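**Student:** Pasting in a structure now, in structure tokens, and then I'll have a few things to ask.
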Amino acid sequence: MKPLSRASAPAKIILFGEHFVVYDRPAVVMAIERRAYVTAKPRADNRIIVVKSREMGASGAFTPSGEYQPIEGGLEFEPKFKPIYIITKRILSLSGEETLGLEIEVDSSIPIAAGLGSSAAVAVASASAISSLLEMRLSRDEIFRLAFEAERFVHVNPSGVDPAVSTYGGILLYRRGEGIRRLDVEAEIPIIVGDTGVKRVTGEMVSRVSDLLMRYPTVVESIMDAGENIAKLGVEALKSGDMRTLGELMNMNHALLCALGVSNDMIERLISAARRAGALGAKLTGAGGGGCIIALPEKSNVQGITEAIRNAGGEVFVTAKAFEGVRIEE
Ligand code: MEV
């Protein structure tokens with residue numbers, strides 16, 4: 001066993017297909033440069049799993065019976081730490097080291113509950129750091145599966161798109177029943193991310209769509225069919241570097257998400273600010289209900305759009321290409 005292991009995994013933006021992907025439609029997703037870092041170390045006291053997060057200012061211990069005891073912060077952090085605990089237990093059991101105590105420290109620059117896949121990135125980096133500490137050499141597919149299993153415990157019906165892109169990186173076409181297809185995109189895809197600052201729970205938004213699907217199956221199915229067609233055309237536009245088409249398709253995808261009731265006032269405000277400032281397209285990204293929007297600029301108007309989103313009340317950062325998936329840091 002190593003004395004310490006550190007791994008990282010990237011955040012993501014969804015270019016096309018959030019929500020539809022839960023129902024086995026395709027999503028196009030891109031890893032961005034914000035990363036979650038996880039450090040794993042053995043502990044002297046056996047069977048205790050301690051999890052810490054710098055950003056949340058919280059830590060707690062899971063006892064051998066799986067009970068959560070807060071150290072810093074209250075019991076409200078248990079659901080945030082539970083996927084890490086599930087992954088740790090699973091890896092310890094796979095390695096035959098069930099009695100080992102571990103300390104897992106999360107250090108992430110990904111905004112939480114903002115639609116950028118922070119919990120999946122933490123889960124993927126945890127699986128990688130813990131397995132590497134135990135010198136297990138898991139494949140990417142195995143890391144993805146461990147992170148996805150853990151997400152299933154805490155989210156309503158997750159599609160797996162978030163742990164997939166955090167694991168493999170790049171730009172992916174993801175379909176639940178089929179897995180990933182890496183897209184070779186030569187063009188730089190400049191993306192401006194605007195954070196509404198409104199936190200939301202992915203599961204609640206997923207439940208909202210499933211409720212609508214139950215009440216209006218034919219309508220919601222045809223909205224999802226349209227979403228699927230947009231994603232397919234989006235893949236072509238990405239490959240040929242056709243930014244104008246990409247932007248128009250993003251706008252159409254956003255309109256479909258509005259029809260499903262997952263946008264809100266603040267999202268609309270940031271999107272219209274971006275479009276008025278000349279964005280080729282803009283949409284919410286992730287589950288909606290708050291979280292982030294993405295805008296596609298032309299080279300000449302990156303600054304104008306950035307300022308417009310900021311003036312409308314959003315926190316902004318710019319990302320220009322797809323980033324590497326999970327990696328060991330040391
Ligand atoms: C993923 O970031 C957002 C949703 O599509 C849920 C999922 O795919 O699990 C809304």
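The values are calculated or read from the model by the stated rules, or taken from the named source; none is laboratory data. No experiment lies behind these values; they were computed from the predicted model shown. Positions of Cβ are generated from backbone atoms using ideal geometry, with glycine treated the same way; all protein chains shown enter the neighbour counts.
**Student:** Taking the stated definitions as given, is residue 154 within 14 Å of the ligand (Cβ to nearest atom), in contact (Cβ under 8 Å) with a residue 24 or more places away in the chain, more than 17 Å from residue 21 (Cβ to Cβ) and out of contact with any helix residue (DSSP H, G or I) (no Cβ under 9 Å at 6 or more places or on another chain)?
**Tutor:** So residue 154 does not fit the description; no.
**Student:** Restricting the search to segment 174-188, which residues are more than 14 Å from the ligand (Cβ to nearest atom) and touching a strand residue (DSSP E or B) at 6+ places or on another chain (Cβ under 7 Å)?
**Tutor:** Of everything in segment 174-188, those that are more than 14 Å from the ligand (Cβ to nearest atom) and touching a strand residue (DSSP E or B) at 6+ places or on another chain (Cβ under 7 Å) turn out to be 181, 182, 183, 185.
**Student:** If you don't mind, there's one more thing I want to ask. I'm checking my understanding of the structure. Among residues of segment 23-36 that are under 22 Å from residue 122 (Cβ atoms) and in contact with a helix residue (DSSP H, G or I) (Cβ under 6 Å, 6 or more places away or on another chain), which one is farthest from the ligand (Cβ to nearest atom)?
**Tutor:** Restricting to residues being under 22 Å from residue 122 (Cβ atoms) and in contact with a helix residue (DSSP H, G or I) (Cβ under 6 Å, 6 or more places away or on another chain), the top hit is 36.
**Student:** Considering only segment 189-216, state which residues are within 14 Å of the ligand (Cβ to nearest atom) and modelled with pLDDT under 95.
**Tutor:** Correct list: 200, 201, 202, 203, 204.
**Student:** What tally of residues in segment 68-92 results from selecting those that are among the polar types (S, T, N, Q) and farther than 16 Å from residue 123 by Cβ?
**Tutor:** 1
**Student:** Among the numbered criteria (1) out of contact with any strand residue (DSSP E or B) (no Cβ under 7 Å at 6 or more places or on another chain); (2) among the aliphatic types (A, V, I, L, M); (3) within 16 Å of the ligand (Cβ to nearest atom), which one does residue 146 miss?
**Tutor:** Single failed check for residue 146: (3).
**Student:** Restrict the check to segment 167-190 and report whether at least one residue is part of a helix (DSSP H, G or I), over 17 Å from the mean Cα position of the chain (by Cα) and acidic (Asp, Glu).
**Tutor:** So far as segment 167-190 goes, no, none of its residues is part of a helix (DSSP H, G or I), over 17 Å from the mean Cα position of the chain (by Cα) and acidic (Asp, Glu).
**Student:** Can I ask one more? Suppose we keep only residues that are closer than 16 Å to residue 16 by Cβ and out of contact with any strand residue (DSSP E or B) (no Cβ under 7 Å at 6 or more places or on another chain) within segment 264-295. Which one would you say is nearest to the ligand (Cβ to nearest atom)?
**Tutor:** Looking at the filtered set, the residue picked out is 287.
**Student:** Quick check, is residue 137 within 13 Å of the ligand (Cβ to nearest atom) and among the basic types (Lys, Arg)?
**Tutor:** No: the conditions fail for residue 137.
**Student:** Could you list, in sequence order, the residues of segment 52-69 that are touching an Asp or Glu at 6+ places or on another chain (Cβ under 8 Å) and either assigned to a loop (DSSP other than H, G, I, E, B) or surrounded by fewer than 17 Cβ atoms within 10 Å (Cβ to Cβ) (or both)?
**Tutor:** 54, 55, 57
**Student:** Related question: Determine whether residue 34 is in contact with a Phe, Trp or Tyr (Cβ under 9 Å, 6 or more places away or on another chain), of a type outside the set (Gly, Ala, Ser) and either in a strand (DSSP E or B) or touching a residue at least 60 places away in the same chain (Cβ under 8 Å) (or both).
**Tutor:** Yes; evaluated as a whole, the condition is true for this residue.
**Student:** Here is a follow-up. Residues 102, 146, 173: which one is surrounded by 21 or more Cβ atoms within 10 Å (Cβ to Cβ), in contact with a Pro (Cβ under 7 Å, 6 or more places away or on another chain) and over 22 Å from residue 13 (Cβ atoms)?
**Tutor:** 102
**Student:** Suppose we filter 330, 315, 307 for residues that are within 30 Å of residue 133 (Cα to Cα), surrounded by fewer than 16 Cβ atoms within 10 Å (Cβ to Cβ) and of a type outside the set (S, T, N, Q); which single one remains?
**Tutor:** The unique qualifying residue is 330.
**Student:** Check 119, 128 and return the single one that is more than 16 Å from the ligand (Cβ to nearest atom), touching a residue at least 12 places away in the same chain (Cβ under 8 Å) and assigned to a helix (DSSP H, G or I).
**Tutor:** 128
**Student:** A further question follows. I'd like to know if segment 235-245 contains one or more residues that are hydroxyl-bearing (Ser, Thr, Tyr), more than 20 Å from the chain's Cα centre (by Cα) and at pLDDT 95 or above.
**Tutor:** Yes, some residue in segment 235-245 is hydroxyl-bearing (Ser, Thr, Tyr), more than 20 Å from the chain's Cα centre (by Cα) and at pLDDT 95 or above.
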